[in-house]
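A short worksheet on the structure shown next.
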Amino acid sequence: MKLEGKVPPGSLGEKWTKFKSTVPLVAPNNKRRIEIIVVGTGLAGASAAATLGELGYNVKCFTFHDSPRRAHSIAAQGGINAAKNYQNDGDSVYRLFYDTIKGGDYRSREGNVHRLAEVSRNIIDQAVAQGVPFARDYGGLLDNRSFGGVQVSRTFYARGQTGQQLLIGAYQALSRQIALGSVEMYNRHEMLDIVKVDGKARGIIARNLLTGEIERYAAHCVVLATGGYGNVFYLSTNAMNCNVSAAWRAVRRGALMANPCFTQIHPTCIPVSGDYQSKLTLMSESLRNDGRVWVPKKLEDAKAIREGKKTGLDIKEEDRDYYLERRYPAFGNLVPRDVASRAAKVACDEGLGVSPTGLAVFLDFAAAVQRYGKSAANVQGIHNPDAATITRLGEKVVEEKYGNLFEMYEKITGENPYKMPMKIYPAVHYTMGGLWVDYNLETNVPGLFALGEANFSDHGANRLGASALMQGLADGYFVIPYTIGTFLSNDIRTPKFDPDSEAFMEAEKAVKDRIDQVLNVKGNQSVESFHRRLGKIMWDYCGMSRNADGLRSARQMVVELRKEFYQDVFVPGSNDEYNPELEKALRVADFMEMGEVMILDALNREESCGGHFREEYQTEEGEALRRDDEFAYVAAWEYTGWDDEPVLHKEELMFENVELKTRSYK
Amino acid sequence: MKLTLKVWRQENANKKGSFSTYQLDDVSEHMSFLEMLDVLNEQLIEKKEMPISFDHDCREGICGACSMVINGQPHGPMGGTTTCQLHMRHFKNGDTIVIEPFRAKAFPVVRDLVVDRSAFDRIIQVGGFVSVNTGQAQDANSIPVEKDVASQAFDAATCIGCGACVAACPNASAMLFTSAKVSHLGILPQGQVEAKRRVQAMVKQMDEEGFGNCSNVTACEAECPKGISVENIARMNRAYIGSVLGSETSVS
Ligand SMILES: Cc1cc2nc3c(=O)[nH]c(=O)nc-3n(C[C@H](O)[C@H](O)[C@H](O)COP(=O)(O)OP(=O)(O)OC[C@H]3O[C@@H](n4cnc5c(N)ncnc54)[C@H](O)[C@@H]3O)c2cc1C
Ligand code: SF4
Ligand code: FES
């Protein structure tokens, strides 16, 4: 199989414009005859379904949530990037393109990324017109903030709830189409399989989660916007129900899974507190603007803190190691996510961790409080302020900037971060890998498209902050409405597909068999316990740093675990009822398959780049060693049944506009 | 700590429900409330019983999925906190905790603590949007919006659609939820064009869904995890009257 990116010819800046004016269109009268299935109502799915509905297609939209508004996108905090250059600070489409390519450690497609940067501007216009209440300055114009890895202010935000506000905007646009009848909404419906007719994706099998009924839906094409697979690791910042099943079922039907080993581990999350832990909470990247990361220099101090005999406050300044500032003087605490995460792991592996589990470092705001306090005293004309005044004024400034995050931290940990340094540790956050798609966002299965976090397209080996929201909405509002025409324009005479035809009946039976299989094991271990064990294997061997031996043994462990699952899992209840344990069982079964492919991909990629760090490939100073000569390609995996090895297909990446450089933050 | 839990169990909307009592021995104060229920569910599964169903997803207080009444209060005893953000350190060893679903005619029970809140979606569908197709928007900075106005709209827009306001209200009224959306869009210039039609349509749908009337009890505001203010209800009432009186716009 030859993988063709289908990036249009022409200069970088002209590709998308030319594409749009030459792409085959579907006339309005024909659109009315065409049906599209969209799975997912996050930013990518809701924006796609709404826009395709507006254009006149007949859309059926599915989500396993009880309402489209609850998709995981709702939880995004920090913001969304766009090359508006409203701050007049030298931003441009090219700069956003370049930052994204570089931030991704040169493992993404130039053409796709440039298009993303181009349409980023339209997203902000659209969102504002929908009534998204972005932050504004006193002149009533839109405000921006900065995020890691870039030198301009291009991030638009709505307090700490940007994802919520953008998703509500898309949800409202979707609701309008539902009322108009152009979108038929199926809540609490989980897609469990793709149906192919003559090699093309023509429908899905879904389970009605309320009744357990297995239902068949046909359409001219299928769009998956089903999010990322971070929950392979069990613990992550993702919502509890995020899962890989839709994408994985597509892989089982022939779609390729690209770069699955590229996962993003976010450095600032609240550490694990016990084995009952169900998920991890992100503390926004913005905190690293003012917080200083450190661990004690002495092992005995770290031990005393872990045992509760000392606190961070007892450690004298000269006994602290501000290791990011020491190792990366140029960027200090603001190094990119992958670098900061690894450094925290190194410190804890050396025995310097500061929580009872040994897996936490300090994020300290004391210096910021002092700095802001003095400056606030100055502004208020208080000369020679006493220490208490400085602290009081400084804490006030910190509260204005980060109040909601500090409050969230205190709710979860019960500790006051104004008085005690915060404890943080890296956690799985985002998955850059996903279904392989070409420029049209179409997978290698004709008629099957993938949008948002579910595809692999734009972030290479590492995603920059505030770029996932941008990509999800770009894909849904501005890309798929055009690119879907490349497929559908050949289908305008194709009559509706019959969901009672053989292909559908066969797929339905396969789904029913799979459900019976997990229900009939009737073993002794809960689904949750398997998921936890899988997560631990993945985190220990395919997490922040990886090596060949570890990965090989991890693969064996995952294979064994999968076997054990089908021998000893216990799923209560039946298929014919509302049964969340059954839903979970099917998802965990797919996670176990996905986990193996992630491990394989990590083994294959004998280099370190972005979120993927192979211990064998590092510089003498312990920095990532990329190997462009051999690995400047997209690794796309084909499933061929577990009796055979998955097959690797390579898409070479061409860099015509940027020069490949080593990222340095020293 | 040790706890006694009295949990509402109901197989589906058509069956009668009742309370079941469970003992939990080893609850850590660091657990979240939902993690405590996870632990109980693991124990039930070990005994081959059906675990307790409850809606949840983000566990960060933003998706609005979690929904239960804890000791008589939607989302439990802490103000401004969703169930998923509630931690066990706010309970004491030996406590008995009563856990029920949100109860309202318009929110039928699905199973145990899970209810069907799709009535909220239908209220939004009749008018909770700005009619602007993708690609029709002008430049985002072409209409300046006063900072305070944007901020007020934001305050209303933070509603997570959880339904605690309905569960808290003796009349099971959805006025707080509906007014939050009417305010969010009505305050902003982008939403004003359709404001009259919107408020009429949404109020009408709210009534048709079987939500009760507002009698100014304001329990909704007290239990709302996002601090949505009853001022929104007053604003909606004014907008509604204004839209009916002296206007050509009417939704019948
Ligand atoms: C805590 C947190 C904070 C973040 N903050 C930021 C930020 O500040 N800026 C930024 O740019 N990015 C941020 N991100 C990343 C960003 O939020 C996500 O990458 C993005 O929202 C994903 O959107 P999506 O539409 O692709 O998928 P999702 O929002 O995950 O939506 C997936 C949808 O698919 C549905 N679905 C999945 N499988 C099935 C199935 N089998 N059947 C039916 N339906 C299915 C789900 O119900 C859901 O509707 C953050 C992520 C996290 C975890
Ligand atoms: S108004 Fe408050 S209580 Fe009611 S749905 Fe919105 S967030 Fe929940
Ligand atoms: S689980 Fe999302 S708000 Fe509680």
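Some values worked out for this structure:
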| item | result |
| --- | --- |
| Index of the failed condition, B:Gln10 passing every other in (1) facing another protein chain (nearest Cβ under 7 Å); (2) crowded, with 17+ Cβ neighbours inside 10 Å; (3) under 26 Å from A:Thr211 (Cβ atoms) | (1) |
| Condition met for A:Ala83 (within 13 Å of chain B (Cβ to nearest Cβ), crowded, with 24+ Cβ neighbours inside 10 Å and under 23 Å from A:Arg115 (Cβ atoms)) | no |
| Matching residues in region A:29-80 - criterion: being near ligand 1 (Cβ under 6 Å from one of its atoms), closer than 18 Å to B:His56 by Cα and either assigned to a helix (DSSP H, G or I) or polar (S, T, N, Q) (or both) | A:Thr41, A:Thr63, A:His72, A:Ser73, A:Ala75 |
| Residue within region A:30-42 that is over 20 Å from the mean Cα position of the chain (by Cα), free of Cβ contacts under 8 Å to residues at least 24 places away in the same chain and surrounded by fewer than 24 Cβ atoms within 10 Å (Cβ to Cβ) present | no |
| Single residue of region B:171-207 satisfying the filter (out of contact with any Lys or Arg (no Cβ under 8 Å at 6 or more places or on another chain) and of a type in the set (Ser, Thr, Tyr)) that is farthest from the other protein chains (Cβ to nearest Cβ) | B:Ser173 |
| Flag if A:Ala468 is on the phi < 0 side of the Ramachandran plot, among the aliphatic types (A, V, I, L, M), touching a residue at least 12 places away in the same chain (Cβ under 8 Å) and surrounded by fewer than 24 Cβ atoms within 10 Å (Cβ to Cβ) | no |
| B:Ile70 being more than 21 Å from A:Phe64 (Cα to Cα), at pLDDT 95 or above and either within 16 Å of ligand 1 (Cβ to nearest atom) or surrounded by 16 or more Cβ atoms within 10 Å (Cβ to Cβ) (or both) | yes |
| Enumeration of residues in region A:172-204 that are within 9 Å of chain B (Cβ to nearest Cβ) and assigned to a strand (DSSP E or B) | A:Met185 |
| Positions within region A:477-490 being assigned to a helix (DSSP H, G or I) and either in contact with a His (Cβ under 9 Å, 6 or more places away or on another chain) or farther than 11 Å from A:Phe449 by Cα (or both), in sequence order | A:Tyr477, A:Phe478, A:Val479, A:Pro481, A:Tyr482, A:Gly485, A:Thr486, A:Phe487, A:Leu488 |
| Candidate set from region A:136-156 (those that are within 11 Å of chain B (Cβ to nearest Cβ) and buried (at least 20 other Cβ atoms within 10 Å of the Cβ)); member that is nearest to ligand 1 (Cβ to nearest atom) | A:Phe156 |
| Output for region A:142-171, where each listed residue is assigned to a loop (DSSP other than H, G, I, E, B) and closer than 12 Å to B:Thr158 by Cα | A:Ala158, A:Arg159, A:Gly160, A:Gln161 |
| Exclusive hit being surrounded by fewer than 22 Cβ atoms within 10 Å (Cβ to Cβ), more than 16 Å from ligand 2 (Cβ to nearest atom) and over 15 Å from the mean Cα position of the chain (by Cα), set B:Ile97, B:Ile52 | B:Ile97 |
| Residue check for A:Asp99: closer than 30 Å to B:Val115 by Cβ, among the acidic types (Asp, Glu) and either in a helix (DSSP H, G or I) or facing another protein chain (nearest Cβ under 8 Å) (or both) | no |
| Some residue of region B:140-154 being of a type in the set (Ser, Thr, Tyr), assigned by TED's automatic domain parsing to the domain that holds B:Glu221 and within 12 Å of ligand 2 (Cβ to nearest atom) | no |
| Segments classed as helices (runs of 4 or more DSSP H), wholly inside region B:155-252, with at least 3 members that are surrounded by fewer than 22 Cβ atoms within 10 Å (Cβ to Cβ) | B:189-192, B:195-208, B:219-223, B:231-244 |
| Number of positions in region A:33-78 that are touching an Asp or Glu at 6+ places or on another chain (Cβ under 6 Å), within 13 Å of chain B (Cβ to nearest Cβ) and of a type in the set (A, V, I, L, M, F, W, C) | 2 |
| B:Thr82, sole failed condition from (1) assigned by TED's automatic domain parsing to the domain that holds B:Lys226; (2) hydroxyl-bearing (Ser, Thr, Tyr); (3) within 16 Å of ligand 1 (Cβ to nearest atom) | (1) |
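The values are calculated or read from the model by the stated rules, or taken from the named source; none is laboratory data. Every value quoted in this text rests on a predicted model; they were computed, and no experiment measured them. All Cβ positions, even for glycine, are placed from backbone atoms using ideal geometry, and neighbour counts span all protein chains on display.
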